[in-house]
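As structure tokens, the structure follows; a few thoughts come after it.
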Amino acid sequence: MLKVLPKHKSSSSVSLLEILSMAVETLWSNKLRTGLTMLGVIIGISSVIAITSVGQGVQKGTEQQIQALGPDVLSVFSGAARSGNIRQGIGSSSTLTWDDAKAIAQQAPSAQIVSAYLQRNAQIVYGGQNSSTPIYGTDLNYPQVRDIQIQNGRFFNQEELDTAREVAVIGPTVESTLFTDGGDPIGKRIRIQGEAYEVIGVTQSKGSQGGVDRDDLVFMPLSSMSARLVGNNALSGVSVNGILIKAGNQEQLNAVQFQVTNILRLRHNIYPPQNDDFRITNQADIISTFTNIVGLFTVMVVAIAGISLVVGGIGIANIMLVSVVERTREIGVRKAVGATNSAILNQFLAEAIVISTVGGGIGIGSGILIALVAATIFKFPFVISFWSIIVGFGLSLTVGLLAGVIPARSASKLDPITALRSD
């Protein structure tokens, strides 16, 4: 209801606090209508903040994951095998060898560190415990390229690599899964596909990123994995799944890629217009491409959320117009006791702004909560940008102001005699 001012107080002397108090009192007396009016604003603001946060969190998490792989690292993968006219996935053909990696290390001036690796999933058994875990057969340079540190024991050495020794370095997740008694795993023997390997080291924890446990893995000498678990399936030399090349910095990646491409083409006798039997990926390009994609997606979804804000504003305008009709007689009473058009205008505008402000505040809280829950469930960084809150709250105020103008003007222009006669 409109609150009628005391006769001794003119409408021109009504303070902003009193206007807001009357607006809150009127809205509180119609809780259901007020709540439904706020709903559109709440949904719009919470959507803007939650979607922006999720987009930025996913982007940051992916960037962290790629950065962990090395922003200055090139990855070379074996080519794709073909079955009839069907092209299989990258790495399905054994086109790269350990000798390719050694040639790159010797002949590519911009390549700082080069490492070859084999990767397979295998069943690991110790005592009554077992786990299906990624196994990496690597050379001695792999820990430097991937920034792998040892927290207990050591990594294998050159002699163990040369003699294909049955040794293994495990991640913390493998340690906790297999060695449930909490004892020191160093010196214990685990079985991988029926072969016994002595545990000589445990890596430092790298945690999980993007739902991938980076501690659930096992390293062994490339020579041992090739001879015992995979087999030398290349025509000559030791077949590998990929080669990692670390440049001095990100600016040298293009030079490294050019040099590596030419070296491999010469070694594999590939001449135009023949297709390469390998693929090179640049981590910096991956980061840039993914950032652009996520940015475009976030803008698109925020625009959709903005539409819901507009719909919420239309809802506020409709409810306020209905309120003007319902309260016509009360408006007439207030005008009869001296309320000016500006006083009526100010109260209706105050009601619209209160609705949008409170709805915006609830929407901000809801958006932050939704973003936090999503980040916790899907395990990506929780990011809330200050500008998204400011923009969201500013939009809610703007929507409330614009949505309240027409109803407020309609109320202020009512003829008091006509208003008093209405039922």
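The values are calculated or read from the model by the stated rules, or taken from the named source; none is laboratory data. Note that the structure is predicted; figures quoted are calculated from it, not measured. Heads up, the Cβs are rebuilt from the backbone with ideal geometry, glycines too, and the neighbour counts pull from every protein chain shown. Just so you know, the surface numbers come from the protein's heavy atoms only, side chains and all, with ligands and any DNA or RNA stripped out. Shrake-Rupley method; radii C 1.70, N 1.55, O 1.52, S 1.80 Å.
What to note about this one:
- Options S385, S410; residue that is open to solvent by less than 30 Å² (accessible area, probe 1.4 Å), more than 14 Å from M38 (Cα to Cα) and in contact (Cβ under 8 Å) with a residue 60 or more places away in the chain: S385
- Segment 178-190, subset open to solvent by 50 Å² or more (accessible area, probe 1.4 Å) and at pLDDT 95 or above, residue farthest from Q123 (Cα to Cα): I186
Here is a yes/no grid of residues against (1) farther than 20 Å from G404 by Cα; (2) without any contact (Cβ under 8 Å) to a residue 24 or more places away in the chain; (3) open to solvent by 60 Å² or more (accessible area, probe 1.4 Å); (4) in contact with a helix residue (DSSP H, G or I) (Cβ under 6 Å, 6 or more places away or on another chain):
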residue: T328; (1), (2), (3), (4): no, no, no, yes
residue: V333; (1), (2), (3), (4): yes, no, no, no
residue: N346; (1), (2), (3), (4): no, no, yes, yes
residue: I353; (1), (2), (3), (4): no, no, no, yes
residue: I362; (1), (2), (3), (4): no, no, yes, yes
residue: F378; (1), (2), (3), (4): yes, no, yes, no
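- Any pair with Cβ under 7 angstrom, 6 or more apart, that starts in segment 241-257 at a residue that is in contact (Cβ under 8 Å) with a residue 60 or more places away in the chain and over 16 Å from I286 (Cα atoms) and ends at one that is in a helix (DSSP H, G or I) and among the acidic types (D, E): I243/D100
- Every residue from segment 288-325 that is within 29 Å of Q59 (Cα to Cα), in contact with a Leu (Cβ under 8 Å, 6 or more places away or on another chain) and surrounded by 19 or more Cβ atoms within 10 Å (Cβ to Cβ): L309
- Unmet requirement for V167, which otherwise passes all of (1) open to solvent by less than 20 Å² (accessible area, probe 1.4 Å); (2) modelled with pLDDT under 95: (2)
- Selection of segment 95-135 for residues being open to solvent by 50 Å² or more (accessible area, probe 1.4 Å) and in contact with a Leu (Cβ under 6 Å, 6 or more places away or on another chain) yields Y126, Q129.
- Any hit, segment 254-263, residues being in contact with a Leu (Cβ under 9 Å, 6 or more places away or on another chain) and not in a helix (DSSP H, G or I): no
- Conditions (1) at pLDDT below 95; (2) farther than 17 Å from N241 by Cα; (3) part of a strand (DSSP E or B): number failed by Q119: (2)
- Filter pass, K413 being charged (D, E, K, R) and touching a strand residue (DSSP E or B) at 6+ places or on another chain (Cβ under 7 Å): no
- From the options D139, D147, D162, D215, residue that is under 24 Å from S115 (Cα atoms) and more than 37 Å from the chain's Cα centre (by Cα): D162
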